[in-house]
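*Asks:* My questions will all concern the structure given below.
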Amino acid sequence: MPMDAREIERMIVEALPDAKVEIRDLAGDGDHYAATVLSHAFKGKTRVAQHQMVYGALQGRMGGVLHALALTTGVPQD
């Protein structure tokens, strides 16, 4: 069963409360998404560590319920 974009966003914001999240369904099938996630929690972390934080927020759904998630992460410029 595909994963809804709102559920992905909810899980990320639950783990990273200040996150600004934008989700795009790349194939229209609910299995292939791209996400941009900006959070102050990423400050000082490598890109790999930032991505691991997002994948951790998804609680093991990557590769199962959620087939593909292309990530862009960073610290907000505010």
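The values are calculated or read from the model by the stated rules, or taken from the named source; none is laboratory data. Treat the numbers as computed from the prediction; the structure is a model and nothing was measured. Every residue, glycine among them, receives a Cβ derived from its backbone with ideal geometry; neighbour counts consider all protein chains shown. These accessible areas exclude ligands, DNA and RNA; they are computed on the full protein's heavy atoms, side chains included. Shrake-Rupley method; radii C 1.70, N 1.55, O 1.52, S 1.80 Å.
*Asks:* Please report, in debye to the nearest 20, how large the charge dipole of the chain is about its Cα centre when each Lys and Arg carries +1 at its beta carbon and each Asp and Glu carries -1 there. Intermediate results must be reported in sequence, preceding the final value.
*Replies:* On the way: 8 positive and 10 negative charges, 69 e Å.
In total the dipole reaches around 340 debye.
*Asks:* OK, next. Which residues in segment 34-64 place their backbone N less than 16 Å from a point set 7 Å from the Cα of D78 along the Cα-to-Cβ direction?
*Replies:* Inside the label zone: 37-43.
*Asks:* Among bridges DSSP assigns within the chain, what percent are antiparallel (round to 5)?
*Replies:* Numbers: 6 of 14 bridges.
Among the beta bridges of the chain, antiparallel pairing accounts for roughly 45 percent.
*Asks:* Between the helical axis of 5-15 and the dominant principal axis of the chain, each derived from Cα atoms, what acute angle in degrees is found, rounded to the nearest 10?
*Replies:* For 5-15 against the chain, the angle is about 30 degrees.
*Asks:* Note down the relative contact order for segment 1-57 as a percent, whole number, built from C-alpha pairs under 8 angstrom at least six residues apart.
*Replies:* After rounding, I find 32 percent.
*Asks:* Return the ratio Rg/(2.2 N^0.38 Å) for the chain, where Rg is computed over Cα atoms only. Please list the in-between numbers first.
*Replies:* Values: Rg = 11.8 Å, N = 78, 2.2 N^0.38 = 11.5 Å.
Dividing the Cα Rg of the chain by 2.2 N^0.38 Å gives 1.02.
*Asks:* For the chain, report the accessible area per residue in Å² (1.4 Å probe, heavy atoms, rounded to an integer). Display every interim value, and only then the final one.
*Replies:* Working: 4610 Å² over 78 residues.
Per-residue value: 59 Å².
*Asks:* Run the simple label-point estimate for D18 and R47 please: 7 Å along Cα→C-beta, distance reported in nm.
*Replies:* It works out to 2.3 nm between the two label points.
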